[in-house]
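The values are calculated or read from the model by the stated rules, or taken from the named source; none is laboratory data. Treat the numbers as computed from the prediction; the structure is a model and nothing was measured. Here the Cβ positions follow ideal geometry from the backbone for every residue, glycine too, while neighbour counts run over all protein chains shown. These area figures cover heavy atoms from the full protein model, side chains too; ligands, DNA and RNA do not enter into them. Shrake-Rupley method; radii C 1.70, N 1.55, O 1.52, S 1.80 Å.
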Amino acid sequence: MDSISPTIGVKFVAPLKKPPCFFGFSGSSLPRLRSFDRIFQKSRVFTETRNPAIDFSDPHWKTKFQGDFERRFNLPHLTDLFDDIEPIPSTFCLKSRLPVSEEFADGYPSDEKWHGYINNNDRVLLKVIHYSSPTSAGAECIDPACTWVEQWIHRAGPREKIYFKPEQVNAAIVTCGGLCPGLNDVIRQIVITLEIYGVKRIMGIPFGYRGFSDQGIHEMQLSRKVVQNIHLAGGSLLGISRGGPTISEIVDSMEERGINMLFVLGGNGTHAGANAIHNECRKRRLKVAVVGVPKTIDNDILHMDKTFGFDTAVEEAQRAINSAYIEAHSAYHGIGIVKLMGRSSGFIAMHASLASGQVDICLIPEVPFHLHGPNGVLKHLRYLVETKGSAVVCVAEGAGQNFLEKTNATDPSGNIVLGDIGVHIQQETKKYFKEIDVPADVKYIDPTYMIRACRANASDGILCTVLGQNAVHGAFAGYGGITVGICNTHYVYFPIPEVISYPRQLDPNSRMWHRCLTSTGQPDFT
């Protein structure tokens, strides 16, 4: 079967000048992924013929597309590297609940049949809407006719056969990047599930990838007793940091410690590192499972319904928006400005605006806007204070960066340090109303770190629990170089390269953004 390019269509992604997910690692030690070299163009409906390899006049193009999709989303497995590896019956059986003894004298527990396993051939649909027209709101079409093409991905969960003996497992957990609500929940569930399988050696690597090389940082021994109540607080039991040593140094450290299961909690950059670790382990022919759990309150990981911490961030953002509303509503010509997280994606700002019902203007990175001029934000603010008496603005941190002075500064992860759009809008608003001689009381709120550091809410707590469990199931099933997520309400496994190609962005033609515009009543600011 012929193969076509793995990149078919990408929506609303600005061209990338350098690989965004390799930051913090030595370039010489980290192999480049093809996906980071792609330059994506914005396309609202379909790819047309951007890729000449797709010949829509070929009657078999759909079959070729599906075959290529299956190859891209096929999960790396230990059997790809070790032909002679034999699976064993799973030690995860909730029916018998027999304890896994240290000696395993009588083999692995339970000959009873339990129907709680996932078949390796179970699949979940990646896309569930069959668009009848490329002009439908939010349409994602492969060809101009919007042909329905089934795209199946691997279902997550415990398998009947496993590829690691629990007594031989030396598992490690590492949390990287910034804080996010739910980190402790995921750590806790990974440890608990590992112990149910019968794993006795579980360690935490403190302070991200840095913990693999810094001699002053010592690993933390983990058990159910240690992690039992850590989900009751925010932050990370293991600590966090950005950047770290080279991939070669990380894998050297893993070999020295005997680590053969590594669970990595982090965002796009962290996952790029995890994938590079996986590739280096395969290069050295090491029997190691590297499994990621996507962590970002920005909700900017591809193909997933949502990432953990997002619901909590939206809920916590309500406090800031409500405060801004009270300040604005209580003042004469009051204007409240709230800046929320979202470097390249406006999901938090949009959902928080929808949830609050108090936001008059929502500004996100995906939708350009003008501050000044007849169609500008400031002109609309004047209209709002004159007609309503007050106004509330919600802005994502990555919005309106074209108004701010560019810098070459980067954080330890290599992310470009953004200008403060919230302060800029505050200053421009005060200046504008002073120039037109209209009194205005402008208040600015930035709740960024308050949102990141809080404990996960109930919704995120459940999501974290299931993600942590399925990460362990995936590792024992022999998969590596994968991450776990929720897609169309089902839990699935993705090969890491497919979720880190570029940041997921909000579609300005989506129904959800249209709903937000209906809620705020804001006009087009372009």
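What size of dipole, in debye to the nearest 20, comes out for the chain about its Cα centre when the only charges are +1 on Lys and Arg C-beta atoms and -1 on Asp and Glu C-beta atoms? Mind showing how you got there, number by number?
Values: 53 positive and 54 negative charges, 68 e Å.
Using Cβ point charges on Lys, Arg, Asp and Glu, the chain gives about 320 debye.
So, with a 1.4 angstrom probe, what is the percent of accessible area on the chain that is carbon and sulfur?
On the way: 11310 of 22720 Å².
So the carbon and sulfur contribution to the accessible surface is 50 percent.
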Provide the packing ranking of 68-76, 458-466, 143-151, 311-319, i.e. peptides ordered by the mean count of other C-beta atoms within 10 Å per residue, highest first. 311-319, 458-466, 68-76, 143-151
Which peptide among 479-485, 126-132, 242-248 comes first, and what is the full order, when sorted by highest mean count of other Cβ atoms within 10 Å? 479-485, 242-248, 126-132
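At 0.36 nm per residue, minus the direct Cα-Cα distance, what do Q168 and T518 gain on full extension? Give it in nm, one decimal, please. Mind showing how you got there, number by number?
Numbers: separation 350, 0.36 × 350 = 126.00 nm, distance 5.70 nm.
120.3 nm is the gain from fully extending Q168 to T518.
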Calculate the spin-label point distance for H329 paired with D83, positioning each point 7 Å from the Cα along the beta-carbon direction, and give it in nanometres. 7.2 nm
Kindly list the residues of region 468-510 that lie in the label zone of S136, defined by a backbone N under 18 Å from the point 7 Å along the Cα-to-C-beta vector. 488-489, 507-510
Nearest-0.05 FRET efficiency for N119 and A145, computed from C-beta distance (R0 41 Å): 0.75
Give me a comma-separated list of calculated 3J(HN,Hα) values for region 127-142, in order, Karplus coefficients 6.51, -1.76, 1.60 applied at θ = phi - 60°, integers in Hz, x for any Gly or Pro. 10, 10, 9, 9, 6, 8, 8, x, 8, 5, 4, x, 4, 10, 10, 8
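Compare the peptides 80-88, 270-278, 383-391 by average per-residue count of other Cβ atoms within 10 angstrom and give them in order, highest first.
Details: 80-88: 11.6, 270-278: 27.7, 383-391: 16.8.
Averaged packing, sorted descending, gives the order 270-278, 383-391, 80-88.
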With a probe of 1.4 Å, find how much accessible area region 456-498 has per residue, and write the answer as a whole number in Å². 21 Å²
Can you give the helix-only mean residue ellipticity at 222 nm for the chain, where every DSSP H stretch with n ≥ 4 adds -39500 (n - 2.57) and the sum goes over all residues, rounded to the nearest 500 deg cm²/dmol? -9000 deg cm²/dmol
Residues whose modelled amide H sits under 5 Å from the amide H of H490, counting only those 5 or more places away in sequence or on another chain, are none
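Would you work out if the chain is rounded, prolate or oblate? Take a ≥ b ≥ c from the square roots of the eigenvalues of the alpha-carbon gyration tensor; rounded if a/c is under 1.5, else prolate when a/b is larger than b/c, oblate otherwise.
On the way: a/c = 2.01, a/b = 1.53, b/c = 1.32.
Prolate is the answer for the chain, as a/c is 1.5 or above and a/b outweighs b/c.
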Largest to smallest accessible area among T520, T407, T489 [probe 1.4 Å]: T489, T407, T520
Starting from the 7 Å offset along Cα-to-Cβ, what nm value, one decimal, do you get for the label separation of E435 and H370? 1.3 nm
Percent antiparallel among DSSP beta bridges confined to region 310-454, rounded to 5, stands at 5 percent
So what are the three principal axis dimensions of region 293-423 from its Cα atoms, in whole Å, longest to shortest? 47, 32, 23
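If you scale each eigenvalue of the Cα gyration tensor by 5 and take the root, what three semi-axes come out for region 286-356, rounded to whole angstrom and sorted largest first? The partial results should precede the final answer.
Values: eigenvalues 242, 19, 16 Å².
Semi-axes, largest first: 35, 10, 9 Å.
Write down the accessible area per residue of region 310-454 in Å², having rolled a 1.4 Å probe over the full set of protein chains.
On the way: 6420 Å² over 145 residues.
For region 310-454, the solvent-accessible area averages 44 Å² per residue.
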Note the full-extension length gain between S57 and Q318 as 0.36 nm times their separation in residues minus their Cα-Cα distance, in nm to one decimal. 88.9 nm
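Roll a 1.4 Å probe over the protein chains and send me the accessible area per residue for region 215-304 in Å². Provide the component values of the computation, followed by the final result.
Values: 3320 Å² over 90 residues.
Dividing the accessible area of region 215-304 by its residue count gives 37 Å².
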